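Laboratory data are not the source of any read-out in this text; all were calculated from the coordinates shown. All figures in this text were calculated on a predicted structure; none of them were measured in a lab. Cβ coordinates were reconstructed from backbone atoms using ideal geometry, including for glycine residues, and neighbour counts include every protein chain displayed.
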Amino acid sequence: MRILVVEDEKNMNRLITEALEDEKYSVDSCFDGVEALDYAMAADYDVIVLDVNLPKMDGFTVVERLRDGGCGTPVLFLTARDSVMDKVTGLNAGGDYYLTKPFSFDELLAVIKVMARKYTGNRTNEYSVGDLVVDTDAKTVTRGGEAIDLTSKEFALLEYMIRNRGVVLSREMIENNLWNFDYEGGTNVVDVYIGYLRRKIDKGRDKKLIHTVWGTGWVLREE
């Protein structure tokens, strides 16, 4: 998943970002409300972690602007403002969850996983296509009951594809989901990782699951 962290306190921003990166998420971070709006409208995020008390534009206004602009990305408010009225204001503005500081990183991670599940319509952390099963919590992959070892980036790509199973994903969509704005790689990096996955997921099997849609992108599905 690709996550945007918006927190003006730099040390807290770094701690949250590092915790999410340790979970193999792709993370962008920024420090004020105007930046948050720019980032959120420029890329497709799975979850936005957003402070309320931000310079230049508060978090409530950021979410209102995003919703008015048609952005439906789930938003987790993470703030020290813990009154009932603040929570009601945040949820009415278009937020999806409200977590108050101080908080547990375990709870933060659990909430993010739940929000991502709801966004994709899945009730569990397991996704499947045919005999391919991906557990996004345990970070395990099996096909026909056989365990498949993937690198963290290979797993991230497969997770994105299986969360969007049946949907044709363009190179740009995959790049936007798997790599943050700081990434400086080759233009064929997506092709390279699709090749890695094919060798591990499809090679030697009669039924292929990763398909190329020429001129458009790739899709994970049974045929």
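Values as computed for the structure displayed
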{"item": "Using a Förster distance of 45 Å, the FRET efficiency for Thr100-Ala147 (Cβ separation, nearest 0.05)", "result": "0.65"}
{"item": "Quarter of Cα convex hull surface for the chain, i.e. mean projection, nm²", "result": "12.7"}
{"item": "Two-site FRET efficiency, Lys207 against Arg67, from Cβ-Cβ distance with R₀ of 45 Å, rounded to 0.05", "result": "0.60"}
{"item": "DSSP bridge orientation in the chain - percent antiparallel, rounded to nearest 5", "result": "50"}
{"item": "Residue-averaged [θ]222 nm for the chain, counting only DSSP H segments that reach four residues, each worth -39500 (n - 2.57)", "result": "-12500 deg cm²/dmol"}
{"item": "Most to least packed among 22-28, 141-147 [average Cβ atoms within 10 Å]", "result": "22-28, 141-147"}
{"item": "Over 32 Å (Cα to Cα) - which of Lys56/Lys153; Lys24/Lys208; Lys113/Lys208 fall in this group", "result": "Lys56/Lys153"}
{"item": "Inverse of mean 1/r across different Cα pairs in region 126-220, Kirkwood, Å", "result": "13.7"}
{"item": "Stokes-Einstein D (µm²/s) once Rh is taken as the Kirkwood radius of region 39-161 over alpha-carbon pairs, at 25 °C in 0.890 mPa s", "result": "151"}
